[in-house]
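Student: I'd like to ask some things about the structure below.
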Amino acid sequence: DQQVKQNSPSLSVQEGRISILNCDYTNSMFDYFLWYKKYPAEGPTFLISISSIKDKNEDGRFTVFLNKSAKHLSLHIVPSQPGDSAVYFCAASATSGTYKYIFGTGTRLKVLA
Amino acid sequence: DAGVTQSPTHLIKTRGQQVTLRCSPISGHKSVSWYQQVLGQGPQFIFQYYEKEERGRGNFPDRFSARQFPNYSSELNVNALLLGDSALYLCASSRGQGDYTFGSGTRLTVV
């Protein structure tokens with residue numbers, strides 16, 4: 001039972017354009033969402049998070065949008081840079097319970113120079 | 001500042017053996033979590049410890065156990081290894097809840 005889904009295993013974008021990574025979840029108890037970036041041979045690196053009381057959070061080139069009614073969130077990267085090429089994981093947690101994250105299967109982003 | 005450090009970085013074990021993986025959290029972080037990442041999948045939650053107490057356990061068999069020490073470092077033990085236990089084992093630390101910082105992981109191969 002995959003509670004967090006990233007349906008696009010890969011995405012290619014031209015340098016300077018916008019990258020949009022999508023994530024869907026099924027558990028309505030989730031109230032905190034995060035995006036992590038992972039390079040090969042490294043652990044996931046925290047990028048940005050959003051609480052369910054918000055619908056948007058922005059940090060530099062990264063913006064996360066949350067649509068609670070659709071149980072959908074997305075990560076926008078503008079402008080995309082070659083260094084952004086990595087695997088991006090969406091994660092969700094229910095803060096009233098144990099602080100475990102449920103991760104999606106990841107989307108491999110390739111930014112073409 | 002040192003990040004989350006894990007040892008060893010790579011490990012090869014034989015089926016049926018036991019393994020211990022170690023994790024040192026970021027200084028000041030009292031919460032440690034363990035995740036298993038199989039190739040092509042996202043990390044899966046195994047355990048969370050806070051102030052040396054188990055606060056959460058994922059859907060893993062009893063062959064998996066962990067503990068947290070007074071200095072907040074942690075060990076993950078896996079007994080009776082199976083081929084399917086081959087994975088990247090990630091440790092993450094946090095001051096309390098949320099925004100975990102991950103280590104680079106231990107790559108375990110069971111042959």
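Student: Give the residue, chosen from B:SER24, B:SER33, B:SER65, that is within 12 Å of chain A (Cβ to nearest Cβ), hydroxyl-bearing (Ser, Thr, Tyr) and either open to solvent by 70 Å² or more (accessible area, probe 1.4 Å) or in contact (Cβ under 8 Å) with a residue 12 or more places away in the chain (or both). Lay out the reasoning, then the answer.
Tutor: Details: B:SER24 fails: within 12 Å of chain A (Cβ to nearest Cβ); B:SER65 fails: within 12 Å of chain A (Cβ to nearest Cβ).
It is B:SER33.
Student: Here's something else I'd like to know. Of everything in segment A:82-113, what is more than 19 Å from A:PRO44 (Cβ to Cβ), at pLDDT 95 or above and not in a strand (DSSP E or B)? Give them in sequence order.
Tutor: A:PRO82
Student: Does at least one position in segment B:52-73 carry a residue that is touching a Gly at 6+ places or on another chain (Cβ under 8 Å) and closer than 23 Å to A:TRP35 by Cα?
Tutor: Taking segment B:52-73 first, the residues touching a Gly at 6+ places or on another chain (Cβ under 8 Å) are B:56.
This time we only want the ones that are closer than 23 Å to A:TRP35 by Cα, so: B:56.
Yes, there is a match, as at least one residue in segment B:52-73 is touching a Gly at 6+ places or on another chain (Cβ under 8 Å) and closer than 23 Å to A:TRP35 by Cα.
Student: Please determine, by comparing only the residues of segment A:21-51 that are among the aliphatic types (A, V, I, L, M) and either surrounded by fewer than 16 Cβ atoms within 10 Å (Cβ to Cβ) or in contact with an Asp or Glu (Cβ under 9 Å, 6 or more places away or on another chain) (or both), which one is modelled with the lowest pLDDT. Can you show your working first?
Tutor: Initial filter on segment A:21-51 (among the aliphatic types (A, V, I, L, M)): A:21, A:29, A:34, A:41, A:47-48, A:50.
Now drop any that are not either surrounded by fewer than 16 Cβ atoms within 10 Å (Cβ to Cβ) or in contact with an Asp or Glu (Cβ under 9 Å, 6 or more places away or on another chain) (or both), which leaves A:29, A:34, A:41, A:47-48.
Numbers: A:MET29: 90, A:LEU34: 93, A:ALA41: 82, A:LEU47: 94, A:ILE48: 94.
Among them, the one singled out is A:ALA41.
Student: Return only the number of the condition from (1) out of contact with any Leu (no Cβ under 8 Å at 6 or more places or on another chain); (2) modelled with pLDDT of 95 or more; (3) within 11 Å of chain B (Cβ to nearest Cβ) that A:ARG17 does not satisfy.
Tutor: If we test A:ARG17 against (1) out of contact with any Leu (no Cβ under 8 Å at 6 or more places or on another chain); (2) modelled with pLDDT of 95 or more; (3) within 11 Å of chain B (Cβ to nearest Cβ), just (3) comes out false.
Student: Among the listed residues A:LYS54, A:LYS5, identify the single one that is over 24 Å from B:ALA92 (Cα atoms), open to solvent by 70 Å² or more (accessible area, probe 1.4 Å) and either more than 14 Å from chain B (Cβ to nearest Cβ) or of a type outside the set (Val, Ile, Thr) (or both). Full working, then the answer.
Tutor: On the way: A:LYS5 fails: over 24 Å from B:ALA92 (Cα atoms).
None of the others qualify; the one that does is A:LYS54.
Student: Let me ask something else. Residue by residue through segment B:69-111, note down the ones that are more than 11 Å from chain A (Cβ to nearest Cβ) and of a type in the set (Asp, Glu).
Tutor: Result: B:GLU75, B:ASP85.
Student: For segment B:36-62, which residues satisfy the criterion of being of a type in the set (A, V, I, L, M, F, W, C) and open to solvent by 40 Å² or more (accessible area, probe 1.4 Å)? Quick ask: steps written out before the conclusion?
Tutor: To start, the set of residues in segment B:36-62 that are of a type in the set (A, V, I, L, M, F, W, C) comprises B:38-39, B:45-47, B:60.
Across segment B:36-62, the qualifying residues are B:VAL38, B:LEU39.
Student: Next question. Of the residues A:LEU73, A:LEU66, which is closer than 30 Å to B:ARG55 by Cβ, in a strand (DSSP E or B) and touching a Cys at 6+ places or on another chain (Cβ under 6 Å)? It would help to see each step written out before you state the result.
Tutor: On the way: A:LEU66 fails: touching a Cys at 6+ places or on another chain (Cβ under 6 Å).
Unique residue meeting the criteria: A:LEU73.
Student: Being open to solvent by less than 10 Å² (accessible area, probe 1.4 Å) and either away from chain B (no Cβ under 14 Å) or without any contact (Cβ under 8 Å) to a residue 40 or more places away in the chain (or both) is the filter here; which residues of segment A:75-110 pass it?
Tutor: A:LEU75, A:ILE77, A:SER80, A:ASP84, A:LEU109
Student: Looking only at residues that are part of a loop (DSSP other than H, G, I, E, B) and among the acidic types (Asp, Glu) in segment B:61-111, which one is modelled with the highest pLDDT? Give the derivation first.
Tutor: Of segment B:61-111, the ones part of a loop (DSSP other than H, G, I, E, B) are B:61-63, B:69-73, B:79-82, B:86, B:95-100, B:103-105, B:111.
Still in the running and among the acidic types (Asp, Glu): B:62, B:99.
Details: B:ASP62: 96, B:ASP99: 76.
In this case the residue turns out to be B:ASP62.
The values are calculated or read from the model by the stated rules, or taken from the named source; none is laboratory data. Owing to the predicted nature of the structure, the values given are computational and were not obtained by experimental measurement. Please note: Cβ atoms are built from the backbone with ideal geometry, for glycine as well, and neighbour counts cover all protein chains shown. Accessible surface areas use protein heavy atoms only, side chains included; no ligands, DNA or RNA. Shrake-Rupley method; radii C 1.70, N 1.55, O 1.52, S 1.80 Å.
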